[in-house]
Amino acid sequence: MEKVSLTYFVDFVLRSGTPKLTGVREYKERKDELSTDFYRPIREGIVGMHRRGECESVLDAVVAAQTDEKRRRIYPQVVAGYRRFLASGDKRWFEPPRGAMKLGDLEINLNPEVGFVIDKKPHLVKLYFRQEPLAARRSAVALALLTSGLSRLYPNHVITMLDVPRAKLVAAKDAPNPRLDVLLRGEAAAFSTIYEAL
């Protein structure tokens, strides 16, 4: 089985009942379709802007280049939120490390998109773009996975998630919840079992 994206696995964990089956089937059938990642152009625009040291106005060009009406409607809110976040204090960008973690037979891709030095501490930032606010359950699961997979290699880094449209940065708790780790291992086993059975 190929690596599963962090976002896709978190979506799986937060579903209950038969939607889990549907989610794994959709992943298996469409895992190579790049068009299913609605926020990919704006995510790549943000990362590219930082890598090239460009001005935030390049994000307006990303919005203008969209032909999909829904993206043209939603992306400006994302860009506005990201600008608010950048303006909220001094931040120095750095290329974030990437990794993966194994949970049984399942390998989850850990890819914080951006890194910032904030208050002299390096922060690894996973971007969240969706219109609905970042729920505490979603951030708890995503941050637990990122912390488990990255904090041993990068112990001095703060693991965070940014609710981009609302410019809200959420940091992982210092002590991971061991019960959540057990749950995530069970969910990974369920994902692998369903994947093999479909």
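The values are calculated or read from the model by the stated rules, or taken from the named source; none is laboratory data. Remember, predicted model here, so these are calculated numbers, not experimental data. With ideal geometry, Cβ positions are generated from the backbone for all residues, glycine too; neighbour counts draw on all protein chains shown.
Things to note:
- Meets criteria (among the acidic types (Asp, Glu) and either within 21 Å of residue 7 (Cβ to Cβ) or touching a Lys or Arg at 6+ places or on another chain (Cβ under 6 Å) (or both)) for residue 37: yes
- Every residue from the range 108-145 that is closer than 29 Å to residue 52 by Cβ and out of contact with any strand residue (DSSP E or B) (no Cβ under 7 Å at 6 or more places or on another chain): 111, 118, 119, 120, 129, 130, 131
- Unmet requirement for residue 106, which otherwise passes all of (1) within 30 Å of residue 182 (Cα to Cα); (2) without any contact (Cβ under 8 Å) to a residue 60 or more places away in the chain; (3) not small (Gly, Ala, Ser): (2)
- Residue within the range 36-50 that is out of contact with any helix residue (DSSP H, G or I) (no Cβ under 7 Å at 6 or more places or on another chain), within 30 Å of residue 196 (Cβ to Cβ), outside any loop (DSSP other than H, G, I, E, B) and modelled with pLDDT under 95 present: no
- Flag if residue 195 is assigned to a loop (DSSP other than H, G, I, E, B), touching a strand residue (DSSP E or B) at 6+ places or on another chain (Cβ under 9 Å) and either buried (at least 16 other Cβ atoms within 10 Å of the Cβ) or without any contact (Cβ under 8 Å) to a residue 40 or more places away in the chain (or both): no
- Within the range 51-62, the set of residues being surrounded by 13 or more Cβ atoms within 10 Å (Cβ to Cβ) and either part of a loop (DSSP other than H, G, I, E, B) or over 21 Å from the mean Cα position of the chain (by Cα) (or both) comprises 54, 56, 58, 60.
- The set of residues in the range 147-198 being of a type in the set (Phe, Trp, Tyr) and over 30 Å from residue 87 (Cβ atoms) consists of 191, 195.
- Among the residues of the range 119-145, those identified as crowded, with 17+ Cβ neighbours inside 10 Å and either part of a strand (DSSP E or B) or touching a Gly at 6+ places or on another chain (Cβ under 7 Å) (or both) are 123, 124, 125, 126, 127, 128.
- Qualifying residue in the range 87-97 (condition: surrounded by 15 or more Cβ atoms within 10 Å (Cβ to Cβ) and more than 21 Å from the chain's Cα centre (by Cα)): no
- Long-range neighbours under 6 Å by Cβ, at least six apart or interchain, first residue on the phi > 0 side of the Ramachandran plot within the range 163-184, second modelled with pLDDT of 90 or more and buried (at least 16 other Cβ atoms within 10 Å of the Cβ): 167/81; 167/85
- The residues of the range 63-110 that are more than 30 Å from residue 186 (Cα to Cα) and not in a helix (DSSP H, G or I), listed by number, are 65, 66, 67, 68, 88, 89, 90, 91, 92, 93, 94, 95.
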